[in-house]
Amino acid sequence: MKELAELLGKVYFFRGLSPEVLEKIHLVSHEASFQPGEVIFREGSEADRFYIVLSGSVEVWKQKDLLAVHSAGHLFGEMALIDELPRSAT
């Protein structure tokens, strides 16, 4: 689990946070695995969390357009939480 706390410190969203704050974030974080091709969330759905890619990659789609591919250390799904709006992409 220490590796996860260290990874949080490398994510741009959390850079500059103290080790104590990173540990608090780590304690409320949950690890999940997804199969290739599995949809994590769909455009228009309600947001209740964001994600950090630990390994592999994640594609972000807006209808039929590929917007981004995120790899290890990148986060996604945060904008709906910040904006308090439904998910803007799949």
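The values are calculated or read from the model by the stated rules, or taken from the named source; none is laboratory data. What you see is a predicted model, and the numbers here were worked out from it, not measured in a lab. Reconstructed Cβ throughout: ideal geometry from the backbone, glycine too, with neighbour counts over all protein chains shown. Surface accessibility is based on the protein's heavy atoms, side chains included, excluding ligands, DNA and RNA. Shrake-Rupley method; radii C 1.70, N 1.55, O 1.52, S 1.80 Å.
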Hey, any idea what Rg/Rh is for the chain, computing Rh the Kirkwood way over Cα pairs?
0.97
Of every hundred units of 1.4 Å-probe accessible area on the chain, the number belonging to carbon and sulfur atoms, as a percent, is 54
Give the accessible surface of the chain per residue, rounded to a whole number of Å², with probe radius 1.4 Å and ligands, DNA and RNA excluded.
75
Note on segment 1-53: the mean projected area of its alpha-carbon convex hull, in nm², is 4.6
Once the piece of chain linking residue 5 and residue 23 is laid out straight, how much longer is it, given 0.36 nm per residue of separation minus the C-alpha distance between them?
5.9 nm
Within segment 1-82, pairs of Lys residues whose Cα atoms are less than 29 angstrom apart, provided they are eight or more positions apart or on distinct chains, add up to 4
Per GNM of the chain with C-alpha springs under 10 angstrom, the most fluctuating residue out of 31, 23, 46 is 31
Counting pairs of alpha carbon atoms under 8 Å apart in space and at least six apart in sequence, what relative contact order in percent does the chain give?
29
Can you tell me which of 37-43, 50-56 comes out highest on packing, and rank the rest after it, using the mean Cβ neighbours within 10 Å?
50-56, 37-43
